[in-house]
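Trainee: First the structure, then my questions, so here it is.
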Ligand code: B12
Ligand code: SF4
Ligand code: SF4
């Protein structure tokens, strides 16, 4: 069954796949998976390499590469869930690669990826994949199928070069083992929901003439609200040299 599932997933063009037992998912800050899926046994984690679009100096073009990938990741998740139901009569839950969620996600994909043998944490608190380095993002499917887990990676790929810490424009990585979420978001998501609310405060107070001038200022907030989060920083993801093939 495991090889059949792996082959199906790979046949869709997914870059890498790993299998973990639910009991090996060790995320300190998210609920136990069994608390919302009592019969859960395994997690299937898909890895997608980030394209070199992330190197673009134009943040919108860098984000466009990510958006292209997100569409594929979501449609793969649907098709793989459908396959597992049809082929193995499985119960499944797909994990959001980003949204919908509250403040934090119900399942931490980084910890799921580590459990599934797809990499290990680096100083930037991201997962470093043995082939794609940090230039990788994940989706996951939790299932009641009992699938033999893959071996976890024991190597630590991070070489402590500190490039990620020094090149973080928000200084969000200064404290080891912690990403300062507020600092990262202020710089990496200038059009976040929180900034949008501040913009609306200003708009409500503005005169008719000022409002006209604010129309173009509104446009990126509109895009971020209508589509999805717009990341304007990829530094820790794109600059980490560990295990980079390109
Ligand atoms: C919310 C979110 C964010 C928020 C807050 C993240 C956070 N809590 O740290 C913000 C906006 C800051 C963010 C930023 C980024 N994100 Co983000 N994010 C998410 C999302 C949607 C949920 C994360 C979450 O809620 N986790 C659960 C919480 C509770 O995690 P946590 O336990 O607090 O984990 C932290 C600590 O506990 C600590 N930690 C815990 N155990 C251990 C063990 C070791 C050994 C170490 C060193 C650290 C450590 O590390 C974590 C960082 O603070 C995930 C997708 C998902 N569903 O998982 C993507 C995700 C984590 N993001 C991702 C990425 C790529 C980014 C960015 C590079 C943005 C970008 N341009 O793409 C930056 C990187 C910031 C960084 N260096 O940490 C990828 C990571 C891929 C990878 N290779 O690891 C994910 C997995 C999305 C995906 N689908 O692949 N993100
Ligand atoms: S995404 Fe940018 S701002 Fe956020 S932690 Fe990484 S380098 Fe810092
Ligand atoms: S940039 Fe250097 S210190 Fe940061 S995670 Fe990568 S290898 Fe480790």
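The values are calculated or read from the model by the stated rules, or taken from the named source; none is laboratory data. Keep in mind it's a predicted model, so treat the numbers as computed, not measured. Note that each Cβ is placed from the backbone with ideal geometry, even for glycine, and that neighbours are counted across all protein chains shown.
Trainee: From the list 93, 200, pick out the single residue that is without any contact (Cβ under 8 Å) to a residue 60 or more places away in the chain, surrounded by fewer than 20 Cβ atoms within 10 Å (Cβ to Cβ), farther than 17 Å from residue 50 by Cβ and in contact with a strand residue (DSSP E or B) (Cβ under 9 Å, 6 or more places away or on another chain).
Mentor: 93
Trainee: With the range 166-222 as the region, which helices (runs of 4 or more DSSP H) entirely inside it contain at least 2 residues that are within 13 Å of ligand 1 (Cβ to nearest atom) and at pLDDT 90 or above?
Mentor: Here the list reads 181-188.
Trainee: Specify which of the listed residues (176, 148) is surrounded by fewer than 19 Cβ atoms within 10 Å (Cβ to Cβ) and within 16 Å of ligand 2 (Cβ to nearest atom).
Mentor: Within the list 176, 148, the selection yields 176.
Trainee: Can residue 233 be described as surrounded by 12 or more Cβ atoms within 10 Å (Cβ to Cβ) and within 15 Å of ligand 2 (Cβ to nearest atom)?
Mentor: yes
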